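The values are calculated or read from the model by the stated rules, or taken from the named source; none is laboratory data. Keep in mind it's a predicted model, so treat the numbers as computed, not measured. Positions of Cβ are generated from backbone atoms using ideal geometry, with glycine treated the same way; all protein chains shown enter the neighbour counts.
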Amino acid sequence: MRYFFYFLLIYSSCYSQTLKILDAATQKPIPFATVLLKQEDKIVYGTYCSDNGEVIIAANKEYSFASFSCVGYKDKTIQKSLLAEIIYLEPEVYSLDEVVLTGKKLKDTLIGAFENRRETYTEIDTKHQYAYFFENTFKGRAVIKSFVFKVATVRYKTALRIHILKKIDCKWGYKIKGDTTQYFYDSFIPDNDLLNENIIVYINPQKKGTVEVDLSTYNFEIPAEGIFVGIECLAFYDDEGKELNTTESRTEIAFHETVTDNYGKKISLVNSFWVNHNKWVKKDFELVFKTLPGKKSLIAPSFGLKVLNYKEQ
């Protein structure tokens with residue numbers, strides 16, 4: 001009996017749970033849904049399911065609830081004791097106003113920072129998001145044709161999710177170590193997805209140069225206030241297609257030096273908030289170092305949008 005008891009202890013300590021996340025309407029796997037484990041109101045762990053909808057939750061994870069979400073689906077939170085092997089997410093029911101393109105079609109236009117020549121290349125990491133703000137300076141209607149960016153090195157096959165995000169204005173709090181004063185400054189950051197589509201793209205090893213993602217099928221019209229568009233790094237794969245658990249991404253995308261505040265960044269699923277990178281850097285230098293940041297401290301991803309512009313007649 002003693003040995004049997006020891007066996008139970010060893011078995012329970014090694015036990016892990018495999019879940020499958022499916023579309024409730026089609027019964028198909030949802031690739032790279034986000035999974036957050038929560039203890040009370042605090043997120044203690046965050047990850048993605050695989051490209052075939054599976055996620056493994058290790059036995060040593062202590063949590064009370066699990067939350068599941070993905071672009072284009074309603075969020076679902078389930079108590080740990082009620083978790084089943086299959087999790088169904090309901091598609092988000094939404095309707096986009098039909099875009100009827102009338103008037104004179106002008107020349108296609110490339111906007112953003114894609115053609116910036118003062119570039120550097122930065123490695124991207126899983127669970128990180130990188131977004132660039134695009135102003136709408138068009139007269140007439142502007143519809144996105146494609147999203148473009150550049151890569152220099154791709155060591156492993158890389159999975160990315162494309163986001164089109166709302167811009168919101170905000171007040172950002174700031175505290176300096178040893179100072180009890182709470183400082184605030186005006187900022188703007190990405191917010192919710194405006195296009196509820198789970199757009200996944202893969203970059204293959206040895207790829208260099210321009211990556212262009214066709215978005216023309218969505219007929220997405222850029223709002224007057226502009227938009228953030230960006231990428232979310234999801235996973236890396238070896239030559240056999242096995243997902244890698246590595247921090248050495250070796251996938252590099254183009255950034256550039258800038259003085260603008262167009263760069264939004266999110267670096268975790270657990271501490272899931274956006275920050276306007278360059279506004280934060282400027283305020284950090286102002287309050288801590290009492291000076292302006294150097295040129296190389298302010299950067300932004302070299303993202304671009306190809307846009308179809310229609311001028312009303």
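When Val288 is tested against (1) at pLDDT below 90; (2) within 20 Å of Gly112 (Cβ to Cβ), just one condition goes unmet, and that condition is (2).
If I go through the stretch 41-96 residue by residue, how many of them are of a type outside the set (Gly, Ala, Ser), within 24 Å of Asp193 (Cβ to Cβ) and either touching a residue at least 12 places away in the same chain (Cβ under 8 Å) or surrounded by 12 or more Cβ atoms within 10 Å (Cβ to Cβ) (or both)? Qualifying residue count for the region: 27. Asp51 meets the conditions (1) touching a strand residue (DSSP E or B) at 6+ places or on another chain (Cβ under 6 Å); (2) of a type in the set (D, E, K, R); (3) within 27 Å of Tyr237 (Cβ to Cβ) in every case but one. The failed one is (1). Among the conditions (1) more than 27 Å from Asn116 (Cα to Cα); (2) part of a strand (DSSP E or B), the only one that Thr246 does not satisfy is (2). For the criterion of being under 21 Å from the mean Cα position of the chain (by Cα), at pLDDT below 90 and not assigned by TED's automatic domain parsing to the domain that holds Leu37, Phe273 passes. Restricting attention to the stretch 121-142, the residues that are modelled with pLDDT under 95, farther than 24 Å from Tyr48 by Cα and in a strand (DSSP E or B) add up to 3.
Filter the stretch 240-274 for residues that are touching a Ser or Thr at 6+ places or on another chain (Cβ under 8 Å), on the phi < 0 side of the Ramachandran plot and of a type outside the set (Asp, Glu) and give the result. Scanning the stretch 240-274 gives Ser249, Thr251, Ile253, Ala254, Phe255, His256, Lys266, Leu269.
Taking first residues from the stretch 186-197 that are among the aromatic types (Phe, Trp, Tyr) and partners that are crowded, with 16+ Cβ neighbours inside 10 Å and not in a loop (DSSP other than H, G, I, E, B), the Cβ contacts under 6 Å between residues at least 6 apart in sequence or on separate chains come to Phe188/Lys167. Please determine whether any residue of the stretch 164-186 is in a strand (DSSP E or B), touching a helix residue (DSSP H, G or I) at 6+ places or on another chain (Cβ under 7 Å) and either exposed (fewer than 15 other Cβ atoms within 10 Å of the Cβ) or modelled with pLDDT of 95 or more (or both). Among the residues of the stretch 164-186, at least one is in a strand (DSSP E or B), touching a helix residue (DSSP H, G or I) at 6+ places or on another chain (Cβ under 7 Å) and either exposed (fewer than 15 other Cβ atoms within 10 Å of the Cβ) or modelled with pLDDT of 95 or more (or both), which makes the answer yes. Inspection of the stretch 288-306 identifies at least one residue that is hydrophobic (A, V, I, L, M, F, W, C), assigned to a strand (DSSP E or B), assigned by TED's automatic domain parsing to the domain that holds Gly226 and under 23 Å from Arg155 (Cβ atoms). If you go through the stretch 239-291 and pick out every residue that is surrounded by 14 or more Cβ atoms within 10 Å (Cβ to Cβ) and among the small types (Gly, Ala, Ser), you end up with 4.
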